[in-house]
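The values are calculated or read from the model by the stated rules, or taken from the named source; none is laboratory data. Nothing here was measured: the structure is a model prediction, and the numbers come from that model. When we count neighbours, we look across all protein chains shown, and the Cβ atoms used for this are built from the backbone with ideal geometry, even at glycine.
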Amino acid sequence: MSSWETVIGLEVHVQLATKTKIFSGASTTFGAEPNTQACAIDLAMPGTLPVLNKQAVHYAVMFGLAIDAEIAKESAFERKNYFYPDLPKGYQTTQLEKPIVGRGNVEIQLADGRTKNVRIHHAHLEEDAGKSLHEGDFRHGVSGIDLNRAGTPLIEIVSEPDMSNAEEAIAFAKKLHSIVTSIGICDGEMSQGSMRFDVNVSVRRTGAAELGTRTETKNLNSFKFMEECIAKEVERQIDLIEDGGTVLQETRLYNGDTKVARSMRSKEEANDYRYFPCPDLLPVILTDETIEELRRNLPELPDARQARFVAQYGLSDYDAGILAYDSAMAAYFEVATARSGSAKLVANWTMGELAARLNSEDISIVKSPVTAEQLAGLITRIADNSISGKMAKEVFEGIWDGEGNADDIIETRDLKQVSDSGALEQIVAEVLAANQAMVDDYINTDEAKRKKKLGGFMGQIMKASKGQANPQQVNQILAKKLSELL
Amino acid sequence: MHIERHEIEKLATLARIAINEDTISDVTARLSSVLDLVDQLQAIDTDGVAPMSHPMQSTQRLREDEVTELNQREALQAVAPDIEEGLFLVPKVIE
């Protein structure tokens with residue numbers, strides 16, 4: 001294996017979070033009844049003409065600014081001609097010669113702490129196609145077409161082949177996800193197809209100057225599928241070449257459920273798209289004023305947010321990175337921190353308990369059953385020592401299950417931690433008095449081994465306090481009282 | 001420039017146009033004559049001339065991002081040859 005190297009490039013389709021289509025005023029809301037958001041323009045009725053959506057243009061420019069790319073002051077649309085039932089016009093309106101976003105750069109962080117620059121070749125505006133449904137109760141030999149998605153604005157981001165393994169490709173994909181959601185141009189809902197990745201993979205002997213023949217696996221919509229698909233494709237290509245075969249330039253489809261990729265079409269018989277300038281659309285001109293205004297109003301980027309979290313809240317680089325890269329998680333963290341004043345506790349709970357529960361139940365943080373305000377309420381009670389860490393987990397579960405806010409649950413379940421030192425001293429004294437044999441055993445034990453005996457006392461004291469004693473305080477009081485008996 | 005018969009056949013396939021045996025040589029000749037005009041244009045020296053995206057000296061107007069087209073599925077599907085549960089039905093396509 002060591003004699004091979006892998007070259008990976010990505011093409012990423014990002015659905016822009018506009019209210020309407022790129023060329024029509026039909027809604028883009030996800031999940032509507034089939035064909036209720038497909039207007040005469042989306043259906044390519046004769047006589048209709050496209051009118052370009054300003055917000056889509058601005059979102060594309062914002063992406064370009066976020067990756068420090070050249071913005072084309074004049075861009076233009078072409079027609080890419082092919083026949084498929086989910087494309088009523090018989091062509092996709094897209095950009096080829098003059099894309100709106102030129103060369104840019106995306107820096108990725110890797111697990112070993114290295115960073116790497118991935119060059120962006122360009123990003124262009126285009127329209128999404130509809131959906132073909134092959135399953136269902138249709139008559140034999142029939143497919144159903146839903147054109148609600150037809151005309152949804154996309155930017156297609158094309159990277160240079162700068163990634164050399166799955167880890168780098170995933171890091172790049174996640175960074176793009178982080179950027180487009182942070183600047184608010186895409187909702188980032190991968191399961192709804194809001195971001196889709198085409199992965200170009202080739203292999204070559206280490207040190208070879210020429211790139212190997214690449215294959216393109218289309219429409220991956222999860223990071224996990226991408227990782228699996230790259231691993232399998234690299235292995236397939238190496239096996240093929242080592243067995244004396246050659247890799248064909250082809251388009252492949254990966255099925256995330258069956259974990260099997262298959263060839264979709266070979267480029268040889270392919271597609272001659274006969275691009276030509278779209279006569280229905282004039283050149284798109286951007287003024288310096290527009291570009292500068294968009295630059296001024298560009299929301300905070302993930303890298304800047306990470307640096308701010310380190311400086312403002314004293315988080316580690318690593319923790320700040322995790323919180324800052326997911327804009328929804330970052331917003332949650334900041335609300336809970338503002339309310340509770342305890343950044344580190346909020347960070348630990350958000351990345352720990354909360355993230356674990358959300359992951360295990362596959363809920364996004366924006367729909368978290370525990371709101372940022374509620375988590376802040378819980379953190380406040382941890383920070384002021386009202387409840388122990390163990391009690392806090394119980395309270396968290398209560399909030400998750402909809403039993404109310406932290407204070408309600410602490411009240412109804414009688415979870416208040418006893419931190420009053422007078423009351424604690426009394427409990428400790430009582431426990432020591434009631435367990436003279438344990439005390440004698442402690443005194444007679446060799447000093448070096450006495451520490452091990454403390455657990456027994458702690459157990460009795462927690463039991464006596466019904467689990468509500470503040471353990472740190474009990475530790476101190478117990479150590480003091482026992483030392484007095486020696 | 002002469003266009004070959006097999007190129008016409010390929011273009012017809014790509015454009016989903018049926019050209020029958022009787023007319024294919026006529027189509028080939030006529031398209032070749034169009035390409036002759038293109039050859040004349042190609043001969044012009046365009047060094048230093050910026051490529052033109054559109055013949056009109058105008059730029060694209062942009063539309064505000066507001067919903068203006070409401071659901072007209074019933075009317076629009078009235079002309080469809082076959083529908084079911086709101087979907088347009090077509091001969092099975094699987095890639």
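Test A:Ser327 against the criterion of being in the same structural domain as A:Trp400 (by TED's automatic domain parsing), surrounded by 15 or more Cβ atoms within 10 Å (Cβ to Cβ) and within 25 Å of A:Cys186 (Cα to Cα), and give yes or no. Criteria met by A:Ser327. If only residues of the range A:282-317 that are under 20 Å from A:Ala72 (Cβ atoms) and β-branched (Val, Ile, Thr) are counted, the one that is farthest from the other protein chains (Cβ to nearest Cβ) is A:Ile291.
With the requirement that a residue be touching a residue at least 60 places away in the same chain (Cβ under 8 Å) and within 14 Å of chain B (Cβ to nearest Cβ), what does the range A:128-148 give you? Those that are touching a residue at least 60 places away in the same chain (Cβ under 8 Å) and within 14 Å of chain B (Cβ to nearest Cβ): A:Gly130, A:Gly144, A:Ile145, A:Asp146, A:Leu147, A:Asn148.
Among the residues making up the range A:2-45, those that are over 16 Å from B:Leu70 (Cα atoms), more than 14 Å from chain B (Cβ to nearest Cβ) and assigned to a loop (DSSP other than H, G, I, E, B) are A:Ser2, A:Ser3. Residue count for the range B:73-84 under the criterion of being part of a loop (DSSP other than H, G, I, E, B) and within 7 Å of another protein chain (Cβ to nearest Cβ): the result is 0.
The requirement of being farther than 14 Å from A:Ile155 by Cα, crowded, with 23+ Cβ neighbours inside 10 Å and within 11 Å of chain B (Cβ to nearest Cβ) is not satisfied by A:Asp86. Just give me the residues in the range A:89-112 being away from chain B (no Cβ under 11 Å), farther than 17 Å from A:Asp42 by Cβ and polar (S, T, N, Q), in sequence order. Those that are away from chain B (no Cβ under 11 Å), farther than 17 Å from A:Asp42 by Cβ and polar (S, T, N, Q): A:Asn105, A:Gln109. Beta carbons closer than 7 Å, at least 6 apart along the sequence or on distinct chains, pair a first residue in the range A:48-72 that is within 11 Å of chain B (Cβ to nearest Cβ) with a second that is in a helix (DSSP H, G or I) for A:His58/A:Leu294.
The residues on offer are A:Asp257, A:Asp239, and the sole one that is loosely packed, with under 14 Cβ neighbours inside 10 Å, in a helix (DSSP H, G or I) and more than 14 Å from chain B (Cβ to nearest Cβ) is A:Asp239. Could you list, in sequence order, all residues of the range A:330-343 that are in contact (Cβ under 8 Å) with a residue 40 or more places away in the chain, crowded, with 21+ Cβ neighbours inside 10 Å and farther than 22 Å from A:Gly188 by Cβ? Once the filter is applied, which keeps residues that are in contact (Cβ under 8 Å) with a residue 40 or more places away in the chain, crowded, with 21+ Cβ neighbours inside 10 Å and farther than 22 Å from A:Gly188 by Cβ, the range A:330-343 yields only A:Ser340. The set of residues from the range B:1-35 being charged (D, E, K, R) and in a loop (DSSP other than H, G, I, E, B) comprises B:Glu4, B:Arg16. Considering only residues of the range A:359-373 that are modelled with pLDDT of 95 or more and over 15 Å from A:Glu334 (Cβ atoms), which is surrounded by the most Cβ atoms within 10 Å (Cβ to Cβ)? The residue in question is A:Val370. Selection of the range B:41-62 for residues being among the charged types (D, E, K, R) and more than 14 Å from chain A (Cβ to nearest Cβ) yields B:Asp45, B:Asp47. Of the residues in the range A:450-462, at least one is buried (at least 18 other Cβ atoms within 10 Å of the Cβ), under 30 Å from A:Arg357 (Cα atoms) and not assigned by TED's automatic domain parsing to the domain that holds A:Ala343.
Restricting to the range A:426-449, count the residues that are outside any helix (DSSP H, G or I) and surrounded by 13 or more Cβ atoms within 10 Å (Cβ to Cβ).
Number of matching residues: 2.
Here the condition is being under 22 Å from the mean Cα position of the chain (by Cα), of a type in the set (A, V, I, L, M), modelled with pLDDT of 95 or more and in a helix (DSSP H, G or I); of A:Leu315, A:Leu354, it holds for A:Leu354 alone. The condition of being at negative phi, within 7 Å of chain A (Cβ to nearest Cβ) and in contact with a Gly (Cβ under 6 Å, 6 or more places away or on another chain) holds for B:Thr68. Given the structure, is A:Thr251 β-branched (Val, Ile, Thr), under 23 Å from B:Leu62 (Cα atoms) and either part of a helix (DSSP H, G or I) or within 14 Å of another protein chain (Cβ to nearest Cβ) (or both)? Spelling it out, it is not the case that A:Thr251 is β-branched (Val, Ile, Thr), under 23 Å from B:Leu62 (Cα atoms) and either part of a helix (DSSP H, G or I) or within 14 Å of another protein chain (Cβ to nearest Cβ) (or both). The conditions of being over 30 Å from A:Leu52 (Cα atoms), part of a helix (DSSP H, G or I) and within 14 Å of chain A (Cβ to nearest Cβ) are met by B:Val38. Close contacts from the range B:4-23, counting a first residue that is of a type outside the set (A, V, I, L, M, F, W, C) and a second that is surrounded by 11 or more Cβ atoms within 10 Å (Cβ to Cβ) and in a helix (DSSP H, G or I), with Cβ to Cβ under 7 Å and a gap of 6+ residues or different chains, come to B:Arg5/B:Ile24; B:Arg5/B:Thr28. When A:Ser132, A:Ser143 are checked against the criterion of being polar (S, T, N, Q), out of contact with any Phe, Trp or Tyr (no Cβ under 6 Å at 6 or more places or on another chain) and closer than 29 Å to A:Val51 by Cα, A:Ser132 stands alone in meeting it. Restricting attention to the range A:11-44 and to residues that are buried (at least 24 other Cβ atoms within 10 Å of the Cβ) and over 18 Å from A:Asp86 (Cβ atoms), the residue that is nearest to the chain's Cα centre (by Cα) turns out to be A:Val14. If you go through the range A:149-164 and pick out every residue that is surrounded by fewer than 16 Cβ atoms within 10 Å (Cβ to Cβ) and within 12 Å of chain B (Cβ to nearest Cβ), you end up with 0. I'd like the residue in the range B:56-72 that is within 26 Å of the chain's Cα centre (by Cα) and assigned to a loop (DSSP other than H, G, I, E, B) and, out of all such residues, is surrounded by the most Cβ atoms within 10 Å (Cβ to Cβ). Only one residue tops the list, namely B:Gln60.
Look at the range A:289-314: where a residue is surrounded by 13 or more Cβ atoms within 10 Å (Cβ to Cβ) and a partner is in a loop (DSSP other than H, G, I, E, B) and among the small types (Gly, Ala, Ser), sitting 6+ places away or on another chain with Cβ atoms under 7 Å, you get A:Pro299/A:Gly184.
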